[in-house]
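The values are calculated or read from the model by the stated rules, or taken from the named source; none is laboratory data. Computed from a predicted structure; not experimentally measured. When we count neighbours, we look across all protein chains shown, and the Cβ atoms used for this are built from the backbone with ideal geometry, even at glycine. Just so you know, the surface numbers come from the protein's heavy atoms only, side chains and all, with ligands and any DNA or RNA stripped out. Shrake-Rupley method; radii C 1.70, N 1.55, O 1.52, S 1.80 Å.
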Amino acid sequence: MRTLPGPVPSGSGRPEDGVASGRFRRLSRKVLLAVPAAFSLVLAAHTTAPVPAAVAAGHPASAPAAKPTIVLSTEPEVLETRQCLTELPRVQLTNTSGQGAFADISITPEEPLWSANTRVSTYVPAGSTVSVPVQIYVPEQTPDGEYDLRFQVIRSTPSIALEPALASRKGVVLTVTVASAPGRDCVPPSGMTVTASSSQEPFNAPTYAIDGRTATIWHTHWSPDRTYLPQWITFDLGGTYDVVELSYQPRTEGNLNGTITAYTVLASTDGETFTEVTSGTWDADRTRKTAEFHAPGARYIRLLATEGVSDYASAAEIALFGQQTSGS
Ligand SMILES: [Ca+2]
């Protein structure tokens, strides 16, 4: 056990700064790694030291450095979505102290919502905010309603200051409101079959466009030889629907290759004769795109990419919306 050297930070003016300012002694890294996270928080409670007189009097120069203090928030603060969509909210970690820290954050969506990443580990520099995107998927069977998406600090190195730690153990909750739109039910991905005119098998197969994960993508063939646009991806809906909307989530990891920038949507009743129902352009970025149209009684929907980044087509997620027709 040792007392941290160095000056106390100037602080952000938050109420917790008084807690963080030099009242704690740091546990050794060895001890921190040897005890469960919850216990380390308790230990922190027993390693507090009196506030140095200089700090209490507003003269921080002679005080030890503050323990890391991490405050959680979300962006956005509330989230509205629909069934079959993948959302990418962000959890923000603000370190209000003068000491950097590694933090492990747990991500717990209320069922049936689920997340492809349930933990995030990141380094948060002193006095900084780190914003980390997470994936949330709303499955097809999700009833309309409000759901909690909870973020909690489950461990930090060094351990975080006591009172903010308790707040972090409780966590921060992002309220996710799921509300279907009239006439725009999600066409269930579980009933779909997906094919494409070109795909890089097996890792970028067409089915990765409907698996609820943005990290998995359909991508046109790129190695060892490549194909060029136009190329298509076609959804056999497994039934007959009046389809009115297609949602397109481009890949999100930073590489925009294949992001579709010009498209045509076609519909078919037999999978052989396709009729155009709309066409348009999308921006070459990672934000989710929408195409609206009216394809009554469709069994098949085809997204034809006519232009895309680097003359490829790719998709992290595609969802279709409409109403099932009688007799299908
Ligand atoms: Ca995917």
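Structure notes:
- Residue match in region 169-190 (condition: closer than 30 Å to Ile107 by Cβ, in contact with a helix residue (DSSP H, G or I) (Cβ under 9 Å, 6 or more places away or on another chain) and assigned by TED's automatic domain parsing to the domain that holds Ala126): yes
- Candidates Glu307, Glu317, filtered to the one that is open to solvent by less than 30 Å² (accessible area, probe 1.4 Å), among the acidic types (Asp, Glu) and over 22 Å from Pro182 (Cβ atoms): Glu317
- Any hit, region 101-119, residues being more than 18 Å from the chain's Cα centre (by Cα) and more than 16 Å from the ligand (Cβ to nearest atom): yes
- Where a residue in region 194-217 is over 22 Å from Arg299 (Cβ atoms) and its partner, wherever it lies, is of a type in the set (Phe, Trp, Tyr) and within 7 Å of the ligand (Cβ to nearest atom), with Cβ under 9 Å and at least six apart: Thr216/Tyr208; Ile217/Tyr208
- Of the strands (runs of 3 or more DSSP E) that lie entirely inside region 67-185, those containing 3 or more residues that are farther than 28 Å from Thr216 by Cβ span 70-75, 145-157.
- Test: residue in region 192-201 that is assigned to a helix (DSSP H, G or I) and closer than 30 Å to His294 by Cβ: no
- Considering residues of region 296-328 that are outside any strand (DSSP E or B) and within 15 Å of the ligand (Cβ to nearest atom) only, the residue farthest from Val265 (Cα to Cα): Ala316
- Of all the numbered requirements in (1) touching a Lys or Arg at 6+ places or on another chain (Cβ under 9 Å); (2) surrounded by 14 or more Cβ atoms within 10 Å (Cβ to Cβ); (3) in a loop (DSSP other than H, G, I, E, B), Thr240 misses one, and that requirement is (3).
- Consider region 206-226 and keep the residues that are of a type outside the set (Val, Ile, Thr) and near the ligand (Cβ under 10 Å from one of its atoms). The one that is farthest from Asn117 (Cα to Cα) is Trp218.
- Scanning region 243-289 for residues that are assigned to a strand (DSSP E or B) and among the aromatic types (Phe, Trp, Tyr) returns Tyr248, Tyr263.
- Single residue of Leu256, Leu229, Leu266 found to be within 16 Å of Ala315 (Cα to Cα) and over 26 Å from the mean Cα position of the chain (by Cα): Leu229
Conditions tested, residue by residue: (1) in contact with a Leu (Cβ under 8 Å, 6 or more places away or on another chain); (2) without any contact (Cβ under 8 Å) to a residue 12 or more places away in the chain; (3) open to solvent by 20 Å² or more (accessible area, probe 1.4 Å); (4) not hydroxyl-bearing (Ser, Thr, Tyr).
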site	(1), (2), (3), (4)
Asp236	no, no, yes, yes
Gly258	no, no, no, yes
Gly271	no, no, yes, yes
Phe274	yes, no, yes, yes
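- The lone criterion from (1) assigned by TED's automatic domain parsing to the domain that holds Ile260; (2) open to solvent by less than 50 Å² (accessible area, probe 1.4 Å) left unmet by Ala126 is number (1).
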